[in-house]
Amino acid sequence: MAVHYRVTLLPGDGIGPEIMAVAVDVLKFVGKRIGIGFEFQEALIGGAAIDAEGEPLPAATLEMCRNSDAVLLAAIGGYKWDSLPSHLRPESGLLGLRAGLGLFANLRPAKILPELINASTLKREVVEGVDIMVVRELTGGIYFGQPKGIFVTETGEKRGVNTMAYTEKEIERIGRVAFETALKRGGKLCSVDKANVLEVSQLWRSRMISLGLEYPDVELSHMYVDNCAMQLLRWPKQFDTIVTGNLFGDILSDAAAMLTGSIGMLPSASLGEGGPGVFEPVHGSAPDIAGQDKANPLAQVLSAAMMLRYGLNQPEAASQIEQAVLRVLANGDRTGDIMSEGMNLLGCRAMGDALIQVLEELKS
Ligand code: NAD
């Protein structure tokens, strides 16, 4: 094997283990063919870790993740752990993982797959060909800025406060991820802010403009967040890569994702500075269908493709996996969540088999 990667697998809860098994099979198949060796190591997170170790992110899990080239996560959570105090809830395992690995950039693609175009709530001519990547800053901005809290004023009235703040360094590091991402895609980057009202956005915009001088091959534009929300619904095809702060990105990445209409198809990536990134589906652990072989594994498989493209710099392997997903859909194979009339209904495992079969054909 020419290259070799250590990948930590975090199957988590609910449908997590089922969809992870499919992604691992696909990675092994493509890796063997292209000459990429994977050393997979598995660790506990979320409810599974609470049951076994009494905490949602055991130190050994974080350590294993730190010592790997990339982390592939499925999903965490479930009814069983809903009533635990918040520091013991499965979600705090995820937050701890993000903080522990210093993941400050969240990449959320929203791509319309031709075979699933009817799943979108928007008209075909509006969404056909949409392929957007939202790069969201994840560890700064109004969710973390100080001061924050609910304070009592001199008149005895309560006052809620949050602070939207970004340093130049924080803006530059997310900016760099976004410019590099745009270079790997269509070469267009739209920076979204509210510079007509917010000073923090004025600094954001000026740093993005300076950074743009280092990336002459990327076409940089700017848009106010309210206009961006409108444009995503009016004419989403105008966007290639979007970069924005934590709050605006939280909202816009969900809006962009829903252009596609199908949660079982959406992958994501969270990246840090130099260390391993975490790649995971946008959806949760779907406890309502867990253990029934009904889950759609494609978001997990596409997360594995993102891991190859954005975490391990293996674009050829990534694109083979993406092509395989398109082919199974073109063949009419569907899991229950994306099923429509006349298509073949498959379970999670059978969808995995269909992917491997298509990958075999891609080879010849
Ligand atoms: P969910 O995404 O798990 O499920 C929402 C609906 O979509 C359900 O009907 C589910 O069956 C369906 N669905 C989701 N993924 C699917 C897939 N791959 N194939 C087929 N159908 C799929 O969201 P929820 O129900 O709000 O949350 C369930 C649990 O997941 C909760 O404990 C929540 O805290 C957790 N959660 C975890 C993450 C994560 O791990 N990143 C994200 C969101 C929610």
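Points worth noting:
- Taking amide hydrogens as placed 1.01 Å from N in the peptide plane, the amide H of L220 sits under 5 Å from those of L189, each at least 5 positions away in sequence or on another chain.
- Relative packing of peptides 313-325, 277-289, 334-346, 295-307 - highest average C-beta neighbours within 10 Å first: 295-307, 277-289, 313-325, 334-346
- The HN-Hα couplings worked out from phi for the stretch 123-134 by the Karplus form 6.51 cos²θ - 1.76 cosθ + 1.60 (θ = phi - 60°) are 5, 3, 5, 7, 9, 4, x, 5, 8, 10, 10, 9 Hz, whole numbers, x standing for Gly and Pro.
- Net charge dipole, the chain: roughly 500 debye, given to the nearest 20, about the Cα centre with Cβ charges of +1 for Lys and Arg and -1 for Asp and Glu.
- Only Lys, Arg (+1) and Asp, Glu (-1) charged, at Cβ; the stretch 175-245 dipole about Cα centre in debye: 180
- 9 Å beta-carbon shell around S253, net charge (K/R +1, D/E -1): 0
- Centroid-to-centroid separation of the stretch 176-237 and the stretch 110-162 [C-alpha atoms, Å]: 15
- For the chain, the solvent-accessible area with a 1.4 angstrom probe is 45 square angstrom per residue.
- With 23 Å as the limit, the listed pairs K169/K194; K80/K111; K184/K237; K32/K111; K32/K188 have K80/K111; K32/K111; K32/K188 beyond it between alpha carbons.
- 3J(HN,Hα) from dihedral phi, the stretch 346-351, Karplus parametrisation 6.51/-1.76/1.60, rounded to Hz, x for glycine, proline: 10, x, 4, 5, 5, 5
- Near the amide H of H283, within less than 5 Å, lie the amide hydrogens of L266, all on another chain or at least 5 residues away, with H placed in the peptide plane.
- Rounded to whole numbers, the Karplus 3J(HN,Hα) couplings from phi for the stretch 11-26 are x, x, 10, x, 6, x, x, 5, 6, 5, 4, 5, 4, 5, 4, 5 Hz, using 6.51 cos²θ - 1.76 cosθ + 1.60 with θ = phi - 60°, and x at Gly and Pro.
- Only Lys, Arg, Asp and Glu carry charge here, each on its Cβ (+1 for the first two, -1 for the last two); on that basis the stretch 121-260 has a dipole of about 180 debye about its Cα centre.
- Comparing Cα centroids, the stretch 328-353 and the stretch 27-98 end up 28 angstrom apart.
- Counting only residues at least eight positions apart within a chain, or on another chain, the lysines with an alpha carbon under 23 Å from that of K158 are K148.
- Area accessible to solvent at L183, 1.4 Å probe radius, in Å²: 80
- Accessible area per residue (1.4 Å probe, heavy atoms of protein chains only) ranks Y143, Y5 as Y143, Y5, with the largest value leading.
The values are calculated or read from the model by the stated rules, or taken from the named source; none is laboratory data. This is a predicted model, so every value here is computed, not measured. Note that we place each Cβ from the backbone using ideal geometry, even for glycine, and neighbour counts take in every protein chain shown. Please note that ligands, DNA and RNA were not included when accessible areas were found on the heavy atoms of the full protein model with its side chains. Shrake-Rupley method; radii C 1.70, N 1.55, O 1.52, S 1.80 Å.
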